[in-house]
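Only one structure is covered here, and it is reproduced in the block below.
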Amino acid sequence: ETGVTQTPRHLVMGMTNKKSLKCEQHLGHNAMYWYKQSAKKPLELMFVYNFKEQTENNSVPSRFSPECPNSSHLFLHLHTLQPEDSALYLCASSQEVGGGTVNTEAFFGQGTRLTVV
Amino acid sequence: GENVEQHPSTLSVQEGDSAVIKCTYSDSASNYFPWYKQELGKGPQLIIDIRSNVGEKKDQRIAVTLNKTAKHFSLHITETQPEDSAVYFCAASGGYQKVTFGTGTKLQVIP
């Protein structure tokens, strides 16, 4: 148990569906992230939130919409996805130090295995 | 942007032998190099990290070395055990939470 909980663990959705992924961290961290992990590819950073404010959007298609209502919760809203969006979606959190100039350990959740059919 | 290359993609070793995974990075501004272990069905978990002001760091059977001049860093696992079997990721960052990961090494320790 890393202190970062993701639900659901598995999700199968059609291309016309709308679904949401949920992440909750119990570590008191001030930064949260969404990563995409596809087979044989590096982890891809999608979104970064610092103190509930989005500070990074790595050219992610608009069919992925993040939401961070508070520093402990992070959502990823999904709509009209494509089969190539099938992947493991990982949430992580960390404590930003030094105005962001100092990296600290990121704690990952177990991920949501998403299959788009 | 930063580019991290990791080798090998798969590695099989006999239990008790050593395993070495190597990574190179491109951005000379990177100053933080974490290594993560990902077991089946779990998210990545930090096992060791090193900052640019240090050339080597050790934690029991795990050690990491960093050569800033050559822009490469390596993970060394000694006396490997079956529970070391997992996928290992190296990463590099220059700060501001922008961490670039390698493609991963699947390590198999054969009993």
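The values are calculated or read from the model by the stated rules, or taken from the named source; none is laboratory data. Keep in mind it's a predicted model, so treat the numbers as computed, not measured. Here the Cβ positions follow ideal geometry from the backbone for every residue, glycine too, while neighbour counts run over all protein chains shown. With ligands, DNA and RNA removed, areas are computed over all heavy atoms of the protein, side chains included. Shrake-Rupley method; radii C 1.70, N 1.55, O 1.52, S 1.80 Å.
Ranking B:69, B:80, B:24 from most to least accessible surface, computed with a 1.4 Å probe over the protein chains only, gives B:69, B:24, B:80.
Under 5 Å between amide hydrogens, built in the peptide plane, is the criterion, and for residue B:12 it picks out B:108 among residues at least 5 positions away or on other chains. Overall, the ratio between the Cα radius of gyration of segment A:1-110 and 2.2 N^0.38 Å, rounded to two decimals, is 1.04. Compute the distance from the alpha-carbon center of segment A:1-38 to that of segment B:42-68, in whole Å. One Cα centre to the other: 27 Å.
A Cα-only calculation for the protein assembly as shown places Rg and Dmax at 17.6, 51 Å. Computed with a 1.4 Å probe on the full set of protein chains, the accessible area for residue B:62 sits at about 40 Å².
Entry note, chain A: relative contact order of 36 percent, from Cα contacts under 8 Å with a spacing of 6+ residues.
Placing A:114, B:11 in order of accessible area, with the largest value first and a 1.4 Å probe, yields B:11, A:114.
Mean projection of the Cα convex hull over all viewing directions, computed for chain B: 6.6 nm². Per residue, the average separation of C-alpha pairs within less than 8 Å and at least 6 apart gives segment B:1-110 a relative contact order of 37 percent. Its Kirkwood hydrodynamic radius, worked out from the mean inverse distance over all distinct Cα pairs, puts segment B:53-111 at 13.1 Å.
Remark: segment A:14-65 projects, on average over all directions, an area of 4.9 nm² (convex hull of Cα atoms). What is the sum of charges, Lys and Arg at +1 and Asp and Glu at -1, for the other residues whose Cβ falls under 13 Å from the Cβ of residue B:86? Cβ neighbours under 13 Å give a net charge of 0.
For segment B:1-62, what percent of Cα pairs sit more than 19 Å apart? Every Cα pair in segment B:1-62 considered, those over 19 Å come to 44 percent.
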